[in-house]
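Bear in mind these aren't lab numbers, they're just calculated from the coordinates by the rules spelled out. Remember, predicted model here, so these are calculated numbers, not experimental data. Quick reminder, even Gly has a Cβ in these numbers, built from the backbone with ideal geometry, and neighbours come from all protein chains shown.
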Number of protein chains: 2
Amino acid sequence: MATNQQAELLVKMTRTAWDAQNKYLMQFLESVDNQKLHNEIAPGKNTGAYLLGHLIAVSDAMLPLLGIGDKLYPDMEEPFIKSPDKSGHNFPPVTELRQRLDVVNAALNMAFDKMNADEWLGRHMAVSPEDFTKEPHRNKMNVLISRTNHMANHIGQLLLLK
Amino acid sequence: MATNQQAELLVKMTRTAWDAQNKYLMQFLESVDNQKLHNEIAPGKNTGAYLLGHLIAVSDAMLPLLGIGDKLYPDMEEPFIKSPDKSGHNFPPVTELRQRLDVVNAALNMAFDKMNADEWLGRHMAVSPEDFTKEPHRNKMNVLISRTNHMANHIGQLLLLK
């Protein structure tokens, strides 16, 4: 296999892993009603609604980090990333969270569909061009790998609600 | 960046993600005593000991799947992969499980340290050479990506024991 084909294949495999986790999340959400998402995953732990909001907010933050665009729901950072569950913030209704997940994923996937290996291996927006020349692993693909594992981590918890 | 460098960088990033999950698992194990690992992660769900055994058994099965060698603990497949928790199987003591995790990880990492992008993109042992020519994504790197996400999934659950 030519080396440029190798890089494109590796990028495709990583994208497929991201898609797979998103598919697991959607399958989980289809299997539970809104009421159940208000339950805690274990006694005293996060609720399903908080974890869903957290995953949406983290995915939304990928838009500026990957240079795709502005966040669609900047108001979600405070209650779902900066604050723990039960911090007193009002959460959007679960029906609204479900819709926001679809909107954020559509924006990410539309951009991902156009990116080749060169673009994925370009720097993400939280690293300066100077630092990036010394640390080429701080690229967009690494953000995708990291966020895929983060999502897998919380999906494992959400599944306990079933 | 030359395209062969791109492939090696992508391979390194995926390896780093695997290492990171293993590190999280070790940090978790250092933070809990053996007694706590016998608790259920949530009422009626898997125990920590089962999930630890499950992760060891799945990692052990990577040895033959990646063509590295035979399983070190083939007796773990039945109680920890083929069977659910509380199936009546006797589990090794948690102290023994902790040691087995170290042994399996050492065997995997020693092999991983020697593999370049060409080797990672070679077929895994569960796909035939004929099928692999048609489906080049069924390679060793894809196994590593999949197992990394699987581990992240269960680490998210184990963390509930803390």
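Observations
- Single unsatisfied condition, A:Ala7 versus (1) among the small types (Gly, Ala, Ser); (2) within 7 Å of another protein chain (Cβ to nearest Cβ); (3) farther than 23 Å from A:Leu108 by Cβ: (3)
- Residues of region A:37-54 that are out of contact with any Leu (no Cβ under 7 Å at 6 or more places or on another chain), in a helix (DSSP H, G or I) and in contact (Cβ under 8 Å) with a residue 60 or more places away in the chain: A:His54 alone.
- Applying the set (1) in contact (Cβ under 8 Å) with a residue 40 or more places away in the chain; (2) under 30 Å from B:Asn4 (Cα atoms) to A:Thr133 leaves exactly one unmet item: (1).
- Within this structure, B:Asn153 passes the test of being of a type outside the set (D, E, K, R), within 14 Å of chain A (Cβ to nearest Cβ) and assigned to a helix (DSSP H, G or I).
- Hits in region A:116-130 - residues which are in a loop (DSSP other than H, G, I, E, B), of a type outside the set (Gly, Ala, Ser) and free of Cβ contacts under 8 Å to residues at least 12 places away in the same chain: A:Val127
- Scanning region A:72-95 for residues being among the charged types (D, E, K, R) and either within 14 Å of chain B (Cβ to nearest Cβ) or within 21 Å of A:Gln21 (Cα to Cα) (or both) gives a total of 1.
- Sole residue being of a type in the set (Gly, Ala, Ser), more than 14 Å from chain A (Cβ to nearest Cβ) and closer than 21 Å to B:Leu159 by Cα, chosen from B:Ala126, B:Ala111, B:Ala57: B:Ala57
- Checklist (1) within 14 Å of chain A (Cβ to nearest Cβ); (2) more than 19 Å from B:His54 (Cβ to Cβ); (3) crowded, with 16+ Cβ neighbours inside 10 Å applied to B:Glu135, failing item: (3)
- Failed item in (1) without any contact (Cβ under 8 Å) to a residue 24 or more places away in the chain; (2) surrounded by fewer than 17 Cβ atoms within 10 Å (Cβ to Cβ); (3) of a type outside the set (D, E, K, R), with B:Asn34 passing the rest: (1)
- Checking A:Asn22 against (1) surrounded by 15 or more Cβ atoms within 10 Å (Cβ to Cβ); (2) within 12 Å of the chain's Cα centre (by Cα); (3) away from chain B (no Cβ under 14 Å), the condition it does not meet: (3)
- In region A:55-90, of all residues being among the hydrophobic types (A, V, I, L, M, F, W, C) and part of a loop (DSSP other than H, G, I, E, B), the one that is surrounded by the most Cβ atoms within 10 Å (Cβ to Cβ) corresponds to A:Leu66.
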